[in-house]
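A quick write-up on the structure given underneath.
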Amino acid sequence: MRNHFKILLLLICYLTATSYSFAQKASKVYPDYLQPDHAVNAVTMVMVHDVTSPPVAARYYAYCMLGAYNIVATKSKKIPALNSFIKSYKPGNGLDTVRSIYDYKIAAYYSILETAKQLLPSGFMLKDDEDAFIQLLLKTGVKQNLINNSVKVAEAATADIVSFSKTDQYSKLSALKRYTPLKDEGKWYPTPPAYLEAVEPNWKTIRTLVIDSAQQYKPAPLIPFSKDTTSEFYKQVKQVYNVSKHLTPEQINIALFWDCNPFAITTSGHMAIGYKKISPGGHWMHIAGLVAKQAKLGFDESVEVITLEGVTLMDAFISCWEEKFTSNRIRPETYINRYMDIKWQPILQTPPFPEYTSGHAVISNASAEILTYLLGDNFAYTDNTEIPFGSSQRDFRSFRAAAAEASISRLYGGIHYMESIEKGNRQGQLVAGGIIEKIKSAGILPLKK
């Protein structure tokens, strides 16, 4: 899969490459092989290889874009400095003092790959992408000296961001107390078929980038757990069960399209087969890249949009995960198998972490709000993210419509109650609202009205 992706990427680059002016000012005319989403897609494929969990993937996406953003902000007066909205960040790269002649677009693109190369477990795989990128530049007439200078700038920006990333508590996670599932009836417990341990139970300790803290946007309190068939909780469990029994072909397609399970397992007898897929954050990063191109944004604006999407994902996951392991809500599959139907199975594999709130609901609504702020409401687009992972494409009339579908897909998939979806929608909107308030104050205004 990865080799096919590289071949396809290089083919696209060769077919669409045009003459390139290396002026230092921002320009909306630049060759396709410098589209920042190409670099992000290469990073995504390494994360698919590594089976990177959703919250961890969001962290990688955010940091991979920060160096590129810094490089662009150094050259463009229209792009506010990173420290104007990323709290705790203090510039240390000295990019504004560089005197050598370099191309900031090349440097920014290379920085995305280089940052991922240093942060990801299998980041060494991106060396091939860096080498292929440099060879392509040479073949299109870019001088070796200019490439060398640009790479040095990229490496300086990367070193600065990698240093910043090391202060967010991520390195301390492995030393924290391991999570032990609680035996209480209403609490989360590992689910079939693999009964995997909880994913990142201490993620709330990671430093947020823009919002004040993991607890800033806590959702409303839960409906009390109950086995009483007349209770509100039982009614929402029954809703999941009933919906699963009468799914339409369209509802099944929606559930599968938004599955985004990095490692789904299928069993047959004693044999287990794992399928690697893109993460929920990876799906929305791809959307950010494709709509930036559809909107015909310049290089600077494209980097800005994709960076803000990555930053939003990271903070949204931290906010969501804080609630998941605080409320520790039982999943529908566990409840139904225990108290209603021992043979029942959802059409999607239940992810290995607590129920409340729905991660898809939180990050999809947060993503929709940030993209709506930047590119406007009623931005129609075709989402082809899932084609490499066995699904078709889907058309959306707006980012909010896509988020609504992503959220309800978890009910169709049988892995979330409506309470978790609806409260997750609101949580994601609040996280994005807080981020929009901060970036607006920093001078980041809508790109499309």
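The values are calculated or read from the model by the stated rules, or taken from the named source; none is laboratory data. These numbers come from a predicted model, not from an experiment. Using ideal geometry, Cβ is built from the backbone for each residue, glycine included, and neighbour counts are taken over all protein chains shown.
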Those residues of the stretch 180-228 which are of a type in the set (K, R) and farther than 30 Å from I444 by Cβ amount to K183, K187, K227
Being at pLDDT 95 or above, surrounded by 24 or more Cβ atoms within 10 Å (Cβ to Cβ), out of contact with any Lys or Arg (no Cβ under 6 Å at 6 or more places or on another chain) and closer than 25 Å to G282 by Cα narrows P121, P55 down to just P55
Expected single match for modelled with pLDDT under 95, in a loop (DSSP other than H, G, I, E, B) and of a type in the set (G, A, S) among A214, A220 is A220
Within the stretch 259-300, of all residues that are polar (S, T, N, Q) and at pLDDT 95 or above, the one surrounded by the most Cβ atoms within 10 Å (Cβ to Cβ) is S279
Exercise for the section: Say whether the condition of being under 19 Å from the mean Cα position of the chain (by Cα), crowded, with 19+ Cβ neighbours inside 10 Å, under 22 Å from N253 (Cα atoms) and among the small types (G, A, S) is met by at least one residue in the stretch 394-405. Expected result: yes
Counting only residues that are modelled with pLDDT of 95 or more, over 19 Å from the mean Cα position of the chain (by Cα) and not aromatic (F, W, Y), the stretch 378-393 contains a total of 1
N378 fails exactly one of (1) touching a residue at least 24 places away in the same chain (Cβ under 8 Å); (2) under 26 Å from L256 (Cα atoms), namely (1)
Subset of the stretch 156-189, residues in a loop (DSSP other than H, G, I, E, B), among the hydroxyl-bearing types (S, T, Y) and farther than 17 Å from V311 by Cβ, comes to Y179, T180, Y189
The residue that is surrounded by the most Cβ atoms within 10 Å (Cβ to Cβ), considering only those in the stretch 406-443 that are polar (S, T, N, Q) and over 27 Å from K87 (Cα atoms), is S420
(1) in a helix (DSSP H, G or I); (2) out of contact with any helix residue (DSSP H, G or I) (no Cβ under 7 Å at 6 or more places or on another chain); (3) surrounded by 16 or more Cβ atoms within 10 Å (Cβ to Cβ) all hold for A255 apart from (2)
Checked the stretch 33-72 for anything over 12 Å from the mean Cα position of the chain (by Cα) and over 22 Å from F133 (Cβ atoms); matches are V51
